[in-house]
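Inspection log for the structure reproduced underneath, given as structure tokens.
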Amino acid sequence: MIAIKKKTVKKEIIRNIKDITSSSLFHWNLYEEVVDTNQKLAVELNKKYKTKSTFQLVHTIYKQNQQYKSPHYPAFLALFQEIINKTVKRDVILLRMKVNLLFKSNKKAINIFHTDDTLDPNFFSTIYYVDDSDGDTVVYDNKKLIKIKPEAGKVLLFNGGLHHASSSPVKNKIRKVVNINFKYA
């Protein structure tokens, strides 16, 4: 299942998330994405599409079973609830929420393919695009690559077992997304 939704999130929430993630008070951590060699299809896709390991900045908003919550958690919870209420329309459990920031690259390339969960059919991944940018999200489904262009306010929902990857922008300076994982309650 892959769903792409536009005009799902209220303008004031879109503006608030953009302002928060653009603030000098929003702290980032450096993260390197690497290939999980335990996922056979991911290894094959990464070889076939000549993907590259990349560094990105990450701000963790929430992670289930950890006591830490970002000081910005309430604003992002409002975003999550807006997305769930307008698209999923059933009770869910938030598992993880983080903001990813990729920088401009000199060359167009797909980053590392991965899954967020391969075992639970009730596990879903959501990508909320903070800004307009190039640097598509690529989802591998039914032996096809589906490319999703980042547009501010757009929401991408898909089964967490689908292989997917980001792409660094080559025209825009940055690409910012909110990555959300949830499962049905």
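Readers should treat all values here as calculations from the given coordinates under stated rules, not as data from a laboratory. Worth saying up front: this structure is predicted, and the values here are computed from it rather than measured. Neighbour counts run over all protein chains shown; Cβ positions are idealised from the backbone, glycine included.
Pull up all non-local amide H partners of residue 105: gap of 5 or more, or a different chain, and H-to-H distance under 5 Å with H placed in the peptide plane.
HN-HN under 5 Å from residue 105: 170.
As a test of the formula, what do you get for the chain when each DSSP H run with n ≥ 4 contributes -39,500 (n - 2.57) and the sum is divided by the residue count, at 222 nm and rounded to the nearest 500 deg cm²/dmol?
Per the formula, -5000 deg cm²/dmol.
Measuring from centroid to centroid over Cα atoms, what is the spacing of the stretch 90-107 and the stretch 108-144 in Å?
10 Å
How large is ³J(HN,Hα) for each residue in the stretch 140-146, as worked out from phi by the Karplus curve 6.51 cos²θ - 1.76 cosθ + 1.60 (θ = phi - 60°), to whole Hz, x for Gly and Pro?
9, 9, 6, 6, 10, 8, 10
Between residue 91 and residue 16, what is the label-to-label distance in nm when each label sits 7 Å out along the Cα-to-Cβ direction?
Rounded to a tenth, the inter-label distance reads 2.5 nm.
Quick one: compute the contact order of the stretch 125-185, relative version, from alpha carbon pairs under 8 angstrom and 6+ residues apart, as a percent.
48 percent
Starting from the stretch 15-98, pick out the trypsin sites (Lys or Arg not before Pro) whose DSSP state is loop and whose Cβ has at most 15 other Cβ atoms within 10 Å.
50, 89, 90
Using a Gaussian network model of the chain with C-alpha springs under 10 Å, which one of 133, 167, 105 is most mobile by mean-square fluctuation?
Between 133, 167, 105, it is 105 that shows the largest mean-square fluctuation.
Counting C-alpha atoms alone, how compact is the stretch 108-157: give Rg to one decimal and Dmax as a whole number, in angstrom.
Gyration radius and largest Cα-Cα distance of the stretch 108-157: 12.0, 33 Å.
Using the Kirkwood radius over C-alpha pairs as Rh, can you work out the diffusion coefficient of the stretch 25-169 via Stokes-Einstein at 37 °C, viscosity 0.692 mPa s, in µm² per second?
Estimated via Stokes-Einstein, D reaches 202 µm²/s.
What span do the alpha-carbon atoms of the stretch 23-92 cover on each of the three principal axes, reported in whole Å from largest to smallest?
Over the stretch 23-92, Cα extents along the principal axes are 40, 34, 24 Å.
In vacuo Debye scattering of the stretch 83-175, one point per C-alpha: log10 I(q)/I(0) at q = 0.15, 0.19, 0.20, 0.22 Å⁻¹?
Summing over Cα pairs of the stretch 83-175 leads to -0.61, -0.96, -1.05, -1.21.
Express the relative contact order of the stretch 1-142 as a whole percentage, based on alpha carbon pairs under 8 Å and six or more residues apart in sequence.
29 percent.
Run the dipole for the stretch 2-184 about the Cα centre, Lys and Arg Cβ at +1, Asp and Glu Cβ at -1, nothing else charged, and hand back the magnitude in debye, nearest 20.
580 debye
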